[in-house]
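What follows is a single structure, written as structure tokens, with notes after it.
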Amino acid sequence: MTNLEKQIDEILALRSIFDTKFRLLDDNNHYEILIDFDQIEPFIIRYNDERTVINHLPAFTLIIHYHDKYPSDYPPSFMLSCFYFSKLSLQNLCQKLDNYPFIKDEVCVYDWIEVIKHEITNELILQTKDDEQINDPRALNGYSNENIDQTYQSLINYNNEQHEKQFQNQLQTCLICTDIIPGMDFIRLHRCGHFYCRSCLNNYVRITLNNGKFGEKLHCPQSQCQKALLPNEIKQIIQDAQLYQRYERLTLQHALESMNNVIWCPRCQSAVLIGSGDDNLAVCDQCHYTFCKKCKEKYHFQAMCPEDHLAEQLRLQQRKIRERIAKQQIEERERTQNGKDQKRIAKKREKAYAESLRIDKEKKDLAEKNLVKQQYREIAIDLSEEDALLEEILTAERMEVLNTQPCPNCHVKIEKNGGCLHMHCSRCGYSFIWSALERRQPLQMTSLLYHSSDVMPIQSIKTELYKKSDTEKVSEQSKEDEIEQDSTVLINNRSFIGSAIVKRVKQCPNISCNKLNVKMGEDNWIKREKMGIDINKIFDKGPFSIGEVSYEYPIVNDTEITPFSTNLTTQIRGQLYFPNNTQGSLPILIFLPGKHADCRLLALPGYPGLDAGATDIFGHCQDNLARVASHLGYAYLSEYFASHGYIVISIDVALINNRWPIPGDLTLNFVRARIVLRTLQKMIELNNNAEMSKQILNGIDLSGKFDFTQVGLMGHSRGGEGVRNAYNMLMENKGPSDTLKWRERLPDVMIKAIMEIVPMYYGENGTKFGVGNVPWAMMVSGCEDDEIDYAHVYLAYRQLQSAKRPNHVIHVYGANHEYFNTEWQVGIPACFGDQDPLWDVNAPTFKVSDIFPPAAGTPLDYTLLKINGSESQRKTAIFALGAFFRAYVGVNADPDFAKLLNPSTPLPDNMTELGRQYFDNTQSIQLFNGTGNITGSSGVEIIPLRMYAESMFSSFATSYDNSLISPPQFFSDPPKKGNLSLGCLEQIENGVHINFDNNKQAEVIISFNKMEIKKISAIDIQLARRSSCWFTSTHSSTCEEPREMKLNIQLQTNTGFSSNTTIFLKSRHNLQFTRCEAMSFPSEKIGFLPVMFETVRIPVTNDQYINGLKLSSQNGGSLVLDNIAAIIQQSSNASFLSISIYLLFSLFFISVIFHAY
């Protein structure tokens, strides 16, 4: 054999032995091998005086380079690399390999590997010498004196990482429920090392929090372990966002209440830090109220606090009484000793007792007078609601006064609702006997309870109120229409009973609600009742008048926004909308447009604006053309949200719209992301500086108005991927190399939700980001004429697999790409399938050259409609964005708004057709994901979607080659005939294509599991339908399927199948193939059109067990079935996770069954 043949044989042998640890570096004579040391026993690392035991060591790297004389004459060249060997050790090892006996014509690399393995014993000592002489270039990456600390820590980190991976890849036994499940479904506690399944820990933390334990008292469930859980562990355990917010609130409140130098502001109830001096001054940082820290009234400058004055008067009176009594006692003793005047002594005693009663009465009178001096408060109650509100207040009073007692140690109120008399304070840990505490006397109760009777409590309260003149009945009458309004009763706090009512009632600060709420307990939190949402009022403007102002910073070459580019200019510029006359800080929405022509060629009345070209680096259009204000095209949305209490920032990105790419950012969507983040940075500066705000915002001061913990992002087209990139850079630490710097610049910014309108989904360098940890939504245009490959629909499919928060996809049938923006007025008609365009298809047409002669004879001479937008399409944007952001962004956000986007909620009146897809992986169990136990009767064809695409492509390609007319999806760049190829197969969803013939008895049964599923509220099915014809769904020769398919769905229970739920599926798209990644591949590369699924929700009632479902068609037709999920009832989180784990294993082992009965 020749040397080359022996080298190839040795490479093949080493590759088979080391598998993934073997890697060719360039050609067949240069490779590296990662050598793992055989570890029978743990290693001991010694460094300085520390001794650490580890089980895993990183691989040792051996790099081999063949030459022509190996193995006939000389051994190969080599290099050694290992970061935890000293450089001297590596050099010595090089010498050992040099001295190893080499046998000519015999390969030696494997023998060298064995030599290297013997270099590691069970003890590794990290040390270096100052006189080391390193001169062998083959010894790479060994540690030195300068980095030995880092080497030691890297070994420990590597061992921990490998130990965790090993733990996750093995089956573990939960220490609570003893279930054996994969380690990836466990949480290991850092402080003690105990581990439990997520379900058990979630239940444990939930129960513990409900029992009032939080902070350091939330410890490991092991009975003998008292190690407290870390805050990040608690956040990882708790899946319920509201419960975690409650944990944070209780922890903060407990910390503040335990501080002697913190009190609560009487005006806004914020925590106020007070000094330790004799001065009673306290100043609230939130509302700037100045008050006395003792009596909570306005600050008494150069005057004694009334409480101090009262206490001083009482002390003086008590001292005088004690002196008088002492004097009398001396006199009495003298008289008694002399046996004189016993009657006079008795009278003196009666007089002293009467004096003590008088002092008690004075004390009570002073307290009542002091009450009158308190800050005046008044509430207005509708007479129609008066009794119900007073009953609620009385219930709160009874609960607090009659059913609670203060802890003798920390004085926090404790409620006893059952059990024995032994009590344990969950706040301070003090134990006491309930009956041993002295009950408060009636006079010490609140007057609301004291004056109410058991027979007619409400009437008693009202009688007492009117007797003391604490109320005033008011009847308002409109001067315009003289219609009498509801009468109201005004209650103030100028008496005990009025104060008892007023102190418990607070109006909801949400201007859309304004409901009176009753305060329960003594903390400063009131949770308002749920508002009823009228779906038809979702389009109404809010209660605020709005302001609007532009902002503009200089045009610069900002390399923090455009790295690797020295000639790409940017500008922070846009329009800002805000509500007038608001209190406190406001949630923020940021709108980011996509790529569009920068300059407007012509805009004539009745015609759409014709846009083309790009600005120069200074933002100027050629020939003095007007600049297209794409960011103003969302004014209808901005004004809507500003009227509902949001600050809206609409960003202008014209300077980068039509610019050349930069390295690592071909679409400039990371530049768009950085512009979003830089805009936030600039707004923070305005928020912190009133003078700067006035300077930038044309005299308007918005300082202190921005709430950067409540930020929502909306992006359109490329702006969609721009805001998605901004979220990942800031919140997930994903993206380019400068990602970490933006979190350092914006440490307090929290993005709460993201909405994308027909976004781009191309990523960069093969990496495509999703949105995992905040609510996400996307609007899809049914008649898309820009993102013609519909790659963004595949984004929705990816989200379904990985999202951890609610996701909403809204399919707007009949909408195009442009008309969501009022400035984008030209849309190329490309509506196909069973969709009604949302624009006037009967409008007059014109050719571009009719009004712009230079376009004649060019590809730009389109035939267009004389329209400039679609009000119906904009209405869908108001509906989708209004419901989404009002549900998820803002401290007063109402989650009920999200229900409007769920498939089971009826659409508003006069609303165009929408397809709604919804998934929330935290509240659902996946029962079917395209593979599983599915069977069909005769007359049904079931085939995996990818196989279906491959089987249909040849027919499509042949039809295209023979057609004289191109399909509408190829209108802009038709591919060459005879040259089509199928690609993007990895993007085809993991669903099944089901075809029913006209036999009404045909049916499909999907079995979920042998174990019945209970405690579910609904079944969500992802369904879609589209025919395989090209042009219109009414084409008789190519669209023989029914336009509307009648599908029956039945749930399978223990007692059989439920009654039919009939749904109607329309063929929304009459095409199956389109461009494959239009920006990356030539037009002849064809992909299977991503499936636009809708969610069909089947309610489950009566606590039924569900173990499958049946599909049958009344009139034939075909459909695509993807994911089926069970929506878990909110009250059964424990069963939810255990069932999830069971189903994970079951679905893993079930094979796909496709057969006929």
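Bear in mind these aren't lab numbers, they're just calculated from the coordinates by the rules spelled out. Because the structure is predicted, anything quoted here is derived from the model rather than measured. Here the Cβ is made from the backbone with ideal geometry for all residues, glycine too, and neighbour counts use every protein chain on show.
In nm, to one decimal, how far is the modelled label at residue 165 from the one at residue 110, with both set 7 Å along Cα→Cβ?
Roughly 2.6 nm, to one decimal.
Out of the trypsin sites (Lys or Arg not before Pro) in segment 47-90, which ones are loop residues according to DSSP with at most 15 other C-beta atoms within 10 Å?
69
FRET efficiency for residue 13 and residue 150, Cβ-Cβ distance as r, R0 = 35 Å, nearest 0.05?
So, using R0 = 35 Å, E works out to roughly 0.45.
How many Å³ per residue does the convex hull of the Cα positions in segment 555-901 occupy?
That works out to 148 Å³ per residue.
Please list the equivalent ellipsoid semi-axes of segment 725-846, computed as the square roots of five times the alpha-carbon gyration tensor eigenvalues, in descending order and whole angstrom. Present the calculation step by step, with values, prior to reporting the outcome.
Working: eigenvalues 216, 48, 35 Å².
Equivalent ellipsoid of segment 725-846: 33, 15, 13 Å, largest first.
Once you put a point 7 Å from the Cα of residue 1105 and another 7 Å from the Cα of residue 965, both along the Cβ direction, what distance in nm separates them?
Placing both labels 7 Å beyond Cα along the Cβ direction yields 5.7 nm.
Could you tell me the center-to-center distance, by alpha carbons, between segment 1-24 and segment 222-256 in angstrom?
Answer, in whole Å: 55.
How do 254, 190 line up, fewest other C-beta atoms within 10 Å first?
Fewest to most other Cβ atoms nearby, the residues stand as 190, 254.
Express in nm, to one decimal, how much length is gained between residue 614 and residue 46 on full extension, taking 0.36 nm for each residue of separation and deducting their alpha carbon distance.
Net length gain for the segment: 198.0 nm.
Structure shown: which of 705/752; 294/705; 899/1046; 875/1066; 682/768; 320/348 lie over 20 Å apart, alpha-carbon to alpha-carbon? Write out the running numbers ahead of the final one.
Numbers: 705/752 18 Å; 294/705 31 Å; 899/1046 26 Å; 875/1066 22 Å; 682/768 28 Å; 320/348 16 Å.
Flagged as over cut-off: 294/705; 899/1046; 875/1066; 682/768.
Out of all Cα-Cα pairs in segment 177-257, roughly what percent, to the nearest whole number, are more than 23 Å apart?
18 percent
Sort 798-805, 1121-1128 for me by packing, meaning the mean count of neighbouring Cβ atoms within 10 Å per residue, highest on top.
Highest-to-lowest ranking by the protection proxy: 1121-1128, 798-805.
Return the distance in nm (one decimal) between the two label points of a simple spin-label model at residue 253 and residue 602, each offset 7 Å from Cα along Cα→Cβ.
Inter-label distance under the simple model: 6.7 nm.
Taking R0 as 35 Å, what FRET efficiency do you get between residue 1114 and residue 910 from their Cβ-Cβ distance, rounded to the nearest 0.05?
Numbers: r = 29 Å, r/R0 = 0.84.
Approximately 0.75, to the nearest 0.05.
What list do you get for 672, 138, 573 if you sort them by fewest beta carbons within 10 Å?
Numbers: 672 29, 138 17, 573 20.
Arranged by neighbour count, lowest to highest, 672, 138, 573 become 138, 573, 672.
FRET efficiency for residue 227 and residue 95, Cβ-Cβ distance as r, R0 = 41 Å, nearest 0.05?
Efficiency, rounded to the nearest 0.05: 0.25.
HN-Hα J couplings of segment 807-822 from phi, Karplus 6.51/-1.76/1.60, θ = phi - 60°, integer Hz, Gly and Pro as x?
Going residue by residue, I get 10, 10, 10, 10, 8, 9, 6, x, 8, 10, 6, 8, 6, 6, 10, 5 Hz, with x marking Gly and Pro.
At 0.692 mPa s and 37 °C, plugging the Kirkwood radius over alpha-carbon pairs of segment 1-119 into Stokes-Einstein gives what diffusion coefficient in µm²/s?
D = 210 µm²/s.
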